[in-house]
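Participant: Here it is, the structure, as structure tokens.
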Amino acid sequence: MKLKPAYSQNMVLTRTGIKLCLSLLVLLFICFIVINTASATERDKNTKQVIKALYIPLADHYTALVAFERYREQMIHADFQIEQMKNWDFLRAYFQSGEVDMAFVMSPLAMDMFNEKPHFRWIGLMHRDGNALAINDIINEMVQLPVLRKDRQPDEKVALALKSIYQQNNRSIEIGMPHQLSTHTVVLYSYLKKHGLRLSLQPNTEAEVYAISVPPPKAPAFIKGKSNRAKAAAFEQSLPWADVVETGGFGHVAWYSKDVLPWQHGHVECIALATDNAIADKYSATNEVMYYLHKAGQDIERARNQGGNSLEEIVAIVRKHIPLHTRQAIIASLNPKLKVINYQHLNIDKAGLKQIMDLAVEGKIIKKGVDIDDFANTNFKQNLTEQ
């Protein structure tokens, strides 16, 4: 009688054991890699310095959204964070508290903040040009704007309509601004002055126009509400809010700020501020954020010129953070043929700021100017080639 080899069953068991061991070793190795990768990521994150920036939902601040979505993971020094504020007064109070590192602010408001508490410096631009006057149908019946936006210029027609409305009602017409201490107020003041009209920041004064504060997201409702009550209405706001009312069919873009205040490369508008503490203790991180803001500006410029998927990617980024900005309004604001806002030449422009400051002081929009050399820190100049 033949005996079956005893080792055959043992060999099967041994092979199974080896396979189990190998599987366990592979699993342990994978866990080791995952844990070490996570640890390395955490260590890397811990070596970065938080740069928290405040912004308002405007086309002015699209570069911040693009830099955050596309480049924050590439940043070596900065843990870049952004927080959207509901209005300019909230942004002002939060930034002046010293609890955040950066803020993107309209230049007259920034200068007023500096006069109040000079704990920060101006380190660059967020964009150039970029605001517009929107009017409702009641005013446009008197103006008869050209069909094409490129043909709409800041001529005397809107001024004459505002003057006529003032004379009929014997009271100032309210025009909504994002804030009284805004570049928009400066632009409107300059336009009205050119055509012999007066601007007031106080009610019940002898002035054709009374500039009131209307938070940007509420501007379309402001003009729609007045139109529903058969009242003349207008606002001067950053893009794309003027485009929102036109594409929505309840208002019209009367003119763009770039044509009221022409300036090389576009007039100064929203500027980037950094606290003195961030500059002193987080210089590399702050500088890195500025580099990527410039790079994001180039991305937007490239996308607006290419159109198609490139532009749709920018639209998607914007709408992720600001869903009230409609696709149609964003695309209209970034129209490369109109180019009514641009994201080029974002380094400090002292002469450009002086243009805004002098008009703001003259129009009593801000009480006094600033020492621009003290206000500006030119160490954050970026050398990216303009597109």
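Please treat every number below as a calculation from the coordinates, not as lab data. This one's a predicted model, so the numbers in the text were calculated from it and none came from an experiment. Neighbour counts run over all protein chains shown; Cβ positions are idealised from the backbone, glycine included.
Participant: Enumerate the amide H contacts of Met106 below 5 Å, restricted to partners 5 or more residues apart or on another chain; note that Pro and chain-start residues carry no placed amide H.
Facilitator: The list, which skips near neighbours in sequence, is Ile271.
Participant: About the Cα centre of the stretch 46-172, what is the dipole size in debye to 20, counting +1 per Lys and Arg Cβ and -1 per Asp and Glu Cβ, all else neutral?
Facilitator: So the magnitude is around 100 debye.
Participant: Separate question: Where the eigenvalues come from the Cα gyration tensor of the chain, what are the semi-axes √(5λ) of the equivalent ellipsoid, largest first, in whole Å?
Facilitator: Each semi-axis is the square root of five times an eigenvalue, giving 54, 25, 17 Å.
Participant: For the chain, what is the charge dipole size about the Cα centre, in debye to the nearest 20, if Lys and Arg each add +1 at the Cβ and Asp and Glu each add -1 at the Cβ?
Facilitator: On the way: 45 positive and 40 negative charges, 279 e Å.
The dipole of the chain has a size of about 1340 debye.
Participant: Ordered by packing density, taken as the mean number of other Cβ atoms within 10 Å over each peptide's residues, highest first, how do 195-207, 346-358 rank?
Facilitator: 346-358, 195-207
Participant: Tell me the angle of helix 283-306 to the major Cα principal axis of the chain, expressed in degrees between 0 and 90 and rounded to the nearest ten.
Facilitator: 70 degrees
Participant: I'd like the orientation of helix 219-228 relative to the chain: the angle between its Cα long axis and the longest Cα principal axis, in ° from 0 to 90, rounded to 10.
Facilitator: 50 degrees
Participant: Further question: Only Cα pairs within less than 10 Å get springs; with that Gaussian network setup on the chain, which residue of Leu133, Leu359, Leu273 has the largest fluctuation?
Facilitator: Leu359
Participant: Please compare each pair in Lys48/Lys381; Lys163/Lys194; Lys258/Lys364; Lys226/Lys339; Lys194/Lys368 to a cut-off of 24 Å on the Cα-Cα distance and tell me which ones are over it. Before the final figure, lay out each step's value.
Facilitator: Values: Lys48/Lys381 22 Å; Lys163/Lys194 13 Å; Lys258/Lys364 22 Å; Lys226/Lys339 30 Å; Lys194/Lys368 22 Å.
Pairs exceeding 24 Å: Lys226/Lys339.
Participant: Another one. Search the structure for amide H atoms under 5 Å from the amide H of Ile173, placed 1.01 Å from N in the peptide plane, and list their residues when 5 or more places away or on another chain.
Facilitator: Val209, Tyr210
Participant: Could you work out the helix-only [θ] at 222 nm for the chain, with each DSSP H run of four or more residues adding -39,500 (n - 2.57) and the total divided by the number of residues, to the nearest 500 deg cm²/dmol?
Facilitator: -15500 deg cm²/dmol
Participant: Here is a further query. Can you tell which of Phe114, Ile330, Asn342 lies farthest toward the positive end of the dipole of the chain, using +1 and -1 charges on the Cβ of basic and acidic side chains (Lys, Arg; Asp, Glu)?
Facilitator: Most positive-ward Cα: Ile330.
Participant: Under unit Cβ charges (Lys, Arg +1; Asp, Glu -1), what dipole magnitude, rounded to 20 debye, does the stretch 179-234 have relative to its Cα centre? Don't jump to the answer; show the numbers that get you there.
Facilitator: Numbers: 8 positive and 2 negative charges, 43 e Å.
The dipole magnitude comes to about 200 debye.
Participant: Moving on. Which of the peptides 94-101, 162-169 is most tightly packed, and how do the rest follow, judged by the mean count of other Cβ atoms within 10 Å per residue?
Facilitator: 94-101, 162-169
Participant: Need the full-extension length gain, Ile212 to Asn169, defined as separation in residues times 0.36 nm minus the C-alpha distance. One decimal, nm. Mind dumping the intermediate values first?
Facilitator: Values: separation 43, 0.36 × 43 = 15.48 nm, distance 1.81 nm.
That pair, Ile212 and Asn169, stretches by 13.7 nm at full extension.
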